[in-house]
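Student: Structure provided below as structure tokens; questions to follow.
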Amino acid sequence: MTRRHSGRYLAGAAALVAATAVPVSLLAATGSAQAAASAKDVTANLFMWNWNSVASECTNVLGPDGYAAVQVAPPEDSMTDAADGHPWWEIYQPVDYNLTSRMGNDAQFQAMVTACHQAGVKVYVDAVLNHMARQDGNDTSYGGASYTPGTAYPAFSSPDFHNYPNDCPVSSDQISDWNNYQQVTECELDALPDLRTESTYVRTTEAAYLNKLIGYGVDGFRLDAAKHIGHTDLAALEGMLNKDKLTGQPVYMVQEVALGSTNTQLQPASFENTGSLIGFDYADAIKTQFSSGGDLANFGGFATWSLIPSAYSSTFVNNHDTERDGSNLSYKNGSTYVLANEFLLAWGFGTPQVYASFTWNNSNDSPPADANGYVTGTNCASGWYCTDRITGVANMVGWHNLALANNDPVANWYTDGTNLIAFSRGPDAWISLNNESSAQTRTFTTGLPDGTYCDIIHGSVSGSACTGPTVTVSGNRATVTVPANDAVAIDRNSRVPGSPASTFTVNINANATTSWGQNVYIVGSIPALGSWNTANAVALSSQNYPYWTAALSVPANTYFEYKYIKIDASGNVIWESGSNRFYTTGSSGSITFNDTWHS
């Protein structure tokens, strides 16, 4: 069984139209069912981590690194399929709404919510409400409940399910036309008994389950197969829910609405009134641009792409469905996958989600578990891929939060025309991503103040030092070597305290004739040259006239532009003609500029 049905790509992926416009800035989420704008909004999707491991991760990693929320797997009591090795999709076949799942029991779940809240991390729960378990060779749940598929469960019986011919118009009870609203919402998805969600009893039962979780402190829900529940039923169910205990506002809702339908009733836009939406189209775009043959330069035309609006989109690189069917990138893509997650956090579109889960060889594989199927503790060194902990990804959460807090737009866009890009988020943060096969060295405009910064992709500020490489910024610019299939990123919070910038000596020897009372100066783009302010230009000595000389200390590894000017006793300024002169300093040493005044 797979959870991503055949209707996913009926119309293909969203069209990606490249343009030359600089991308739009971050849009804040609006609407009662969406996440409120705040200084942090990144979710860590810890798929199938058990509750004790989630609690530990919130305390030791997610909270300290600035994650806003954690999304956890469905906690309902589900069917168990020992004969097939306890495949992961068991948890999407609920039998009862008691919290006796593969990930832990009720008490452990409550303790996890408490621990995450104490770490400043919200908890979002994956909720399976569209259907109940089908028969797969076993009619007993993890909690020991027995059931008869489509007929009898602890909370539901036959009248609580859609069936042919009363509801589903197809005799097999299965969806045959993915563009037919009635079939999609009242026939079975993958032979899973479809709940009659228009029933007051069904709605009341499901609302009671969600309200129990809200009472435990849960802050929001991922609504599995929301497309198959339908608009009216979703709105009615949400209207029965209690408010968030912490904020007093409606809890966060993000809906799984698969792409591909030509029927407007079944397209993501028609679900915007009941919550945010899983950004499948964004993940598709990420794969297109980062995969072999992709072109990161096309992100420069991002504003024209046909995507779910930023305010409604829960953006991601992959999730539990898409990593298995090959439609999106996964950890198996190595450095490209990491680079894509770093871009996700940098770009500032939608509400980003970082996915961390178990490794697998076959699409149905179970996570590491005991003989009875209960998931064992997460070990990031064996059996699990903890994307949320990777240095570059974890540090980019803080980078992202800084840009979010100041509502910084994308600025200082650069591309080499293919797969090297760079941009800043206002004056607070800068990144360059290189998806090419060799290292690339460029001088970039970063927008950041002068100083020495820790490259947070490869290290962190520790005391007054950086545990990795550093970047020197002078005059808003920095000369940086970006490794192959890698990134370099800095922000205001990564400036190394008290560390002086390395310097490089520039000897000036400029040939310029002057009139009585005139003197020659040099002025340029960096503070050491006055930042183009003639009042702060550097005076040159006329001792060797007509050669004007000086020895200047400027930042190392820095690109700058400059010109010579003449200023008379009255303060009148004459600029030499022609284009700006320019130079990039090395890491050490000196250079002599044997220049001649451009008349």
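Student: Please state which one of 391, 387 is within 14 Å of the chain's Cα centre (by Cα) and under 21 Å from residue 318 (Cα atoms). First the steps, then the outcome.
Tutor: Working: 391 fails: within 14 Å of the chain's Cα centre (by Cα).
After applying the criteria, what remains is 387.
Student: Which of the following residues is within 28 Å of residue 362 (Cα to Cα), among the aromatic types (Phe, Trp, Tyr) and either assigned by TED's automatic domain parsing to the domain that holds residue 366 or out of contact with any Gly (no Cβ under 7 Å at 6 or more places or on another chain) (or both): 153, 124, 181? If you could, list the steps in order and put the result at the bottom.
Tutor: Numbers: 153 fails: within 28 Å of residue 362 (Cα to Cα); 181 fails: within 28 Å of residue 362 (Cα to Cα).
Among 153, 124, 181, only 124 is within 28 Å of residue 362 (Cα to Cα), among the aromatic types (Phe, Trp, Tyr) and either assigned by TED's automatic domain parsing to the domain that holds residue 366 or out of contact with any Gly (no Cβ under 7 Å at 6 or more places or on another chain) (or both).
Student: Give me a count of the residues in the range 78-103 that are part of a strand (DSSP E or B), touching a residue at least 40 places away in the same chain (Cβ under 8 Å) and crowded, with 24+ Cβ neighbours inside 10 Å.
Tutor: Going through the range 78-103 one residue at a time, the tally reaches 4.
Student: Looking at the range 106-163, which of its residues are in a strand (DSSP E or B), over 31 Å from the mean Cα position of the chain (by Cα) and of a type in the set (Val, Ile, Thr)?
Tutor: Residues satisfying the conditions are 140, 148.
Student: So in the range 58-77, with the set limited to residues that are touching a helix residue (DSSP H, G or I) at 6+ places or on another chain (Cβ under 7 Å) and in a loop (DSSP other than H, G, I, E, B), which one is surrounded by the most Cβ atoms within 10 Å (Cβ to Cβ)?
Tutor: Of everything passing the filter in the range 58-77, 75 is surrounded by the most Cβ atoms within 10 Å (Cβ to Cβ).
Student: What number of residues within the range 544-589 satisfy the criterion of being more than 26 Å from residue 447 (Cα to Cα) and among the polar types (S, T, N, Q)?
Tutor: 5
Student: Show the residue pairs meeting these rules: Cβ distance below 9 Å; 6+ apart or different chains; first residue within the range 473-485 and more than 14 Å from residue 450 (Cβ to Cβ) and outside the structural domain of residue 555 (by TED's automatic domain parsing); second residue surrounded by 19 or more Cβ atoms within 10 Å (Cβ to Cβ) and among the aromatic types (Phe, Trp, Tyr).
Tutor: 480/444
Student: How many residues are of a type outside the set (Phe, Trp, Tyr) and under 17 Å from residue 508 (Cα atoms) when one looks only at the range 572-587?
Tutor: Step one: filter the range 572-587 for residues of a type outside the set (Phe, Trp, Tyr), giving 572-574, 576-581, 584-587.
Checking which are under 17 Å from residue 508 (Cα atoms) leaves us with 576, 580-581, 584-586.
Adding up the residues that qualify gives 6.
Student: Let me ask another. Considering only residues that are touching a Lys or Arg at 6+ places or on another chain (Cβ under 9 Å), surrounded by fewer than 18 Cβ atoms within 10 Å (Cβ to Cβ) and over 19 Å from residue 423 (Cβ atoms), which ones fall in the range 444-481?
Tutor: Residues satisfying the conditions do not exist here.
Student: Now, a different point. Among the residues that make up the range 272-287, is at least one of them in a loop (DSSP other than H, G, I, E, B), within 20 Å of residue 388 (Cα to Cα), touching a Ser or Thr at 6+ places or on another chain (Cβ under 8 Å) and in contact (Cβ under 8 Å) with a residue 60 or more places away in the chain? So that I can check it myself, show each step before the final result.
Tutor: Initial filter on the range 272-287 (in a loop (DSSP other than H, G, I, E, B)): 275, 279.
When the remaining residues are screened for being within 20 Å of residue 388 (Cα to Cα), the result is 279.
Now drop any that are not touching a Ser or Thr at 6+ places or on another chain (Cβ under 8 Å), which leaves 279.
Imposing the further condition that a residue be in contact (Cβ under 8 Å) with a residue 60 or more places away in the chain reduces the set to 279.
Yes: the range 272-287 contains one or more residues that are in a loop (DSSP other than H, G, I, E, B), within 20 Å of residue 388 (Cα to Cα), touching a Ser or Thr at 6+ places or on another chain (Cβ under 8 Å) and in contact (Cβ under 8 Å) with a residue 60 or more places away in the chain.
Student: Has the range 509-520 got at least one residue that is surrounded by fewer than 22 Cβ atoms within 10 Å (Cβ to Cβ), β-branched (Val, Ile, Thr), touching a strand residue (DSSP E or B) at 6+ places or on another chain (Cβ under 7 Å) and not in a strand (DSSP E or B)?
Tutor: Yes, the range 509-520 contains a residue that is surrounded by fewer than 22 Cβ atoms within 10 Å (Cβ to Cβ), β-branched (Val, Ile, Thr), touching a strand residue (DSSP E or B) at 6+ places or on another chain (Cβ under 7 Å) and not in a strand (DSSP E or B).
Student: I'm checking my understanding of the structure. Among residues of the range 30-55 that are surrounded by fewer than 18 Cβ atoms within 10 Å (Cβ to Cβ) and aliphatic (A, V, I, L, M), which one is modelled with the highest pLDDT?
Tutor: The selected residue is 39.
Student: Among the listed residues 461, 488, which satisfies the condition of being more than 20 Å from the chain's Cα centre (by Cα) and not assigned by TED's automatic domain parsing to the domain that holds residue 296?
Tutor: Values: 488 fails: more than 20 Å from the chain's Cα centre (by Cα).
The conditions single out 461.
Student: Please specify each residue of the range 456-491 satisfying the condition of being farther than 18 Å from residue 503 by Cβ and of a type in the set (Ser, Thr, Tyr).
Tutor: Residues satisfying the conditions are 460, 462, 464, 467, 481.
Student: Give 274, 264, 232 a once-over and let me know the one that is hydroxyl-bearing (Ser, Thr, Tyr), in contact with a strand residue (DSSP E or B) (Cβ under 7 Å, 6 or more places away or on another chain) and over 21 Å from residue 114 (Cβ atoms). Let's see the steps before the verdict.
Tutor: Working: 264 fails: in contact with a strand residue (DSSP E or B) (Cβ under 7 Å, 6 or more places away or on another chain); 232 fails: in contact with a strand residue (DSSP E or B) (Cβ under 7 Å, 6 or more places away or on another chain).
One residue alone meets the criteria, 274.
Student: If you don't mind, another one. Name the residue that is surrounded by the fewest Cβ atoms within 10 Å (Cβ to Cβ), counting only residues in the range 265-275 that are touching a helix residue (DSSP H, G or I) at 6+ places or on another chain (Cβ under 9 Å) and small (Gly, Ala, Ser).
Tutor: Among those that are touching a helix residue (DSSP H, G or I) at 6+ places or on another chain (Cβ under 9 Å) and small (Gly, Ala, Ser), it is 270.
Student: Pull up the range 571-593, narrow it to residues that are touching a residue at least 12 places away in the same chain (Cβ under 8 Å) and loosely packed, with under 11 Cβ neighbours inside 10 Å, then point me to the one that is nearest to residue 471 (Cα to Cα).
Tutor: My answer is 587.
Student: Hey, among the residues in the range 478-508 that are of a type outside the set (A, V, I, L, M, F, W, C) and part of a strand (DSSP E or B), which one's farthest from residue 575 (Cα to Cα)?
Tutor: We begin by selecting, within the range 478-508, every residue of a type outside the set (A, V, I, L, M, F, W, C); these are 479, 481, 483, 485-486, 491-495, 497-500, 502-503, 505, 507.
Right, trim to part of a strand (DSSP E or B) and you get 479, 481, 486, 491, 495, 503, 505, 507.
Working: 479: 28, 481: 34, 486: 42, 491: 36, 495: 36, 503: 27, 505: 24, 507: 20 Å.
Only one residue fits best here, namely 486.
Student: Can you tell me how many residues in the range 135-164 are of a type in the set (D, E, K, R) and at pLDDT 95 or above? Walk me through it before giving the result.
Tutor: So in the range 135-164, the residues of a type in the set (D, E, K, R) come out as 136, 139, 160.
Checking the rest, the ones that are also at pLDDT 95 or above come to 160.
Result for the range 135-164: 1.
Student: Here's another thing I want to ask about it. Can you tell which of 300, 294 is surrounded by fewer than 23 Cβ atoms within 10 Å (Cβ to Cβ) and in a loop (DSSP other than H, G, I, E, B)?
Tutor: Numbers: 300 fails: in a loop (DSSP other than H, G, I, E, B).
So the residue among 300, 294 that is surrounded by fewer than 23 Cβ atoms within 10 Å (Cβ to Cβ) and in a loop (DSSP other than H, G, I, E, B) is 294.
Student: Within the range 414-430, identify whether any single residue is more than 21 Å from residue 70 (Cα to Cα), crowded, with 16+ Cβ neighbours inside 10 Å and under 15 Å from the mean Cα position of the chain (by Cα), and answer yes or no. Talk me through it step by step, then tell me what you get.
Tutor: Of the range 414-430, the ones more than 21 Å from residue 70 (Cα to Cα) are 414-430.
From what is left, the residues that are crowded, with 16+ Cβ neighbours inside 10 Å are 414-415, 419-430.
Still in the list and also under 15 Å from the mean Cα position of the chain (by Cα): 425.
Yes, the conditions are met somewhere in the range 414-430.
Student: While we're looking at this one, here's another question. Of all residues in the range 240-264, how many are touching a residue at least 60 places away in the same chain (Cβ under 8 Å), within 22 Å of residue 216 (Cα to Cα) and surrounded by 18 or more Cβ atoms within 10 Å (Cβ to Cβ)?
Tutor: Pass one, the range 240-264, residues touching a residue at least 60 places away in the same chain (Cβ under 8 Å): 246-247, 249-250, 252-254, 258-263.
Subset that is within 22 Å of residue 216 (Cα to Cα): 246-247, 249-250, 252-254.
With surrounded by 18 or more Cβ atoms within 10 Å (Cβ to Cβ) added as a condition, the list becomes 250, 252-254.
Residues in the range 240-264 being touching a residue at least 60 places away in the same chain (Cβ under 8 Å), within 22 Å of residue 216 (Cα to Cα) and surrounded by 18 or more Cβ atoms within 10 Å (Cβ to Cβ): 4 in total.
Student: If you don't mind, there's one more thing I want to ask. Name the residues in the range 206-239 that are in a helix (DSSP H, G or I), of a type in the set (Val, Ile, Thr) and surrounded by 17 or more Cβ atoms within 10 Å (Cβ to Cβ), would you? It would help to see each step written out before you state the result.
Tutor: Filtering the range 206-239 down to residues in a helix (DSSP H, G or I) leaves 206-215, 226-228, 231-238.
Subsequent filtering for residues that are of a type in the set (Val, Ile, Thr) retains 214, 232.
Correct list: 214 only.
The values are calculated or read from the model by the stated rules, or taken from the named source; none is laboratory data. Just so it is clear, the model here is predicted, and its values are computed rather than measured. Every residue, glycine among them, receives a Cβ derived from its backbone with ideal geometry; neighbour counts consider all protein chains shown.
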